[in-house]
Amino acid sequence: MRSVVAIILTALTLACDRAPAPAVPASDNEQVVGRGQGKDEWWHSLPRAAWAELTPIAQSFAWFEVFEVRPGVLAIYEPGQFEEVISYLILGGERALLFDTGLGIGDMRGVVSELTDLPIVVINSHTHYDHVGGNHAFDSIYGTDLQYTRDHERGRGHDEVSEFVSEGWIWKETPPGFSRDAFVSRPFTVSQRLVDGQLLSLGGVELEVLLTPGHAPDSLCLLDRRRRLLFTGDTFYPATLYAHLPGSTFDDYERTAERLASLADSVDVVLPAHNEPTMPADELLAFRDAFRAMRGGEAEYVLTDGDREYDFGRFSVLVADPPPWRAR
Ligand SMILES: [Zn+2]
């Protein structure tokens, strides 16, 4: 996912250098809607500077890059595909928690087994394809009790996900044995249902589950109160936030933003699921203020592929037009 500035720069470059690109055909795919433009050679802006501050961890899977974000907290990054998705491996004394399993292009189970011998429990920040790709290879998966999660447990066929491995989406060589033509989002089985506020102990490391709908109905965050870390998934990251997708709910997203902002004093670092592995916690206040400003009509927007795009600097928010919020 790209910054708004990068998209604008790309648009300007395109305007200067060549004839406009042909219109991208409209898509029914919920994760393509409103994001088909501006991807041209997005990888030229990599690597992102934020990663250079972290210690890389050696492993043998070229598709992944692994970095230590904090002692016992590893970011597993997939910069080869447009999503630049980040999964996190959180190590405890008795078991490890894998927060998302990535795209399903690389061997997530393989890379994780090089990083730890601990038993693994998987939790997904939500069940969009780019966060559940490796789920099928794990036995212990905790997920929400929502029908949305249950629907996505059935996987998604090639027709629904082929776009994400098509021309323009991937720049890196894909791993041996991977076939773009056979790419699917494989089914998986949730073994335990999560509730809001549930505490998970990994042995010396405790994580609190926060159900945070908005981007998706089953979006959730993990809070490590002792180490003052908040893992936000797609709810909050430093790029364009999607409040416009089928399944997204502006009112829920706004409530979630208020809730997470109320934690700004309790955390130091936010660890999001795309692009960059850390953001300062006070950006949660800007996140909350953004929703207040959109709702209040004080925020400016442009129309992007028929959706409203509100620019708040470090991040922007895509909202359907007309706006879907309920009157108060
Ligand atoms: Zn998502």
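The values are calculated or read from the model by the stated rules, or taken from the named source; none is laboratory data. Given the structure is predicted, the values throughout are model-derived calculations rather than measurements. Glycine gets a Cβ as well: all are built from the backbone with ideal geometry, and neighbour counts include every protein chain shown.
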_Pick from region 176-232, criterion of a type in the set (Phe, Trp, Tyr) and in a loop (DSSP other than H, G, I, E, B), ranking: farthest from residue 64 (Cα to Cα)_ = 188
_Can you tell me which of (1) within 14 Å of the ligand (Cβ to nearest atom); (2) modelled with pLDDT of 95 or more; (3) in contact with a Phe, Trp or Tyr (Cβ under 9 Å, 6 or more places away or on another chain) is the one residue 279 doesn't meet?_
(1)
_Residue that is farthest from the chain's Cα centre (by Cα) [pool: residues in region 248-264 that are of a type in the set (Gly, Ala, Ser) and within 14 Å of residue 319 (Cβ to Cβ)]_ = 257
_All positions within region 72-99 that are within 16 Å of the ligand (Cβ to nearest atom) and in contact with a Gly (Cβ under 7 Å, 6 or more places away or on another chain)_ = 78, 85, 87
*Just give me the residues in region 109-125 being in a loop (DSSP other than H, G, I, E, B) and within 16 Å of the ligand (Cβ to nearest atom), in sequence order.*
124, 125
*Qualifying residue in region 226-239 (condition: at pLDDT below 95 and surrounded by fewer than 24 Cβ atoms within 10 Å (Cβ to Cβ))*: yes
_Any hit, region 261-279, residues being of a type in the set (D, E, K, R), in contact with a strand residue (DSSP E or B) (Cβ under 9 Å, 6 or more places away or on another chain) and assigned to a strand (DSSP E or B)_ = no
*Matching residues, region 176-191, being within 30 Å of residue 95 (Cα to Cα) and surrounded by 13 or more Cβ atoms within 10 Å (Cβ to Cβ)*: 178, 184, 185, 186, 187, 188, 190, 191
*Got at least one residue in region 234-253 being more than 16 Å from the ligand (Cβ to nearest atom), in contact (Cβ under 8 Å) with a residue 12 or more places away in the chain, part of a loop (DSSP other than H, G, I, E, B) and closer than 27 Å to residue 74 by Cβ?*
no
*Take residue 103 and decide whether it is within 16 Å of the ligand (Cβ to nearest atom), buried (at least 18 other Cβ atoms within 10 Å of the Cβ) and either in contact (Cβ under 8 Å) with a residue 12 or more places away in the chain or not in a helix (DSSP H, G or I) (or both).*
yes
_Take residue 284 and tell me if it is assigned to a loop (DSSP other than H, G, I, E, B), away from the ligand (no atom under 16 Å from the Cβ) and touching a strand residue (DSSP E or B) at 6+ places or on another chain (Cβ under 8 Å)._
no
*Mind checking which residues of region 198-215 are of a type in the set (A, V, I, L, M) and out of contact with any Cys (no Cβ under 6 Å at 6 or more places or on another chain)?*
199, 200, 202, 205, 207, 209, 211
_Show the residue pairs meeting these rules: Cβ distance below 6 Å; 6+ apart or different chains; first residue within region 200-220 and without any contact (Cβ under 8 Å) to a residue 40 or more places away in the chain and within 17 Å of residue 98 (Cα to Cα); second residue more than 12 Å from the ligand (Cβ to nearest atom) and among the aliphatic types (A, V, I, L, M)._
206/199; 208/199; 208/223
_Single residue of region 208-219 satisfying the filter (more than 12 Å from the ligand (Cβ to nearest atom) and over 13 Å from residue 255 (Cα atoms)) that is surrounded by the fewest Cβ atoms within 10 Å (Cβ to Cβ)_ = 208
*Quick check: is even one residue across region 292-306 crowded, with 17+ Cβ neighbours inside 10 Å, within 16 Å of the ligand (Cβ to nearest atom) and closer than 30 Å to residue 228 by Cα?*
no
*Give just the number: which of (1) buried (at least 21 other Cβ atoms within 10 Å of the Cβ); (2) closer than 18 Å to residue 279 by Cβ does residue 53 not satisfy?*
(1)
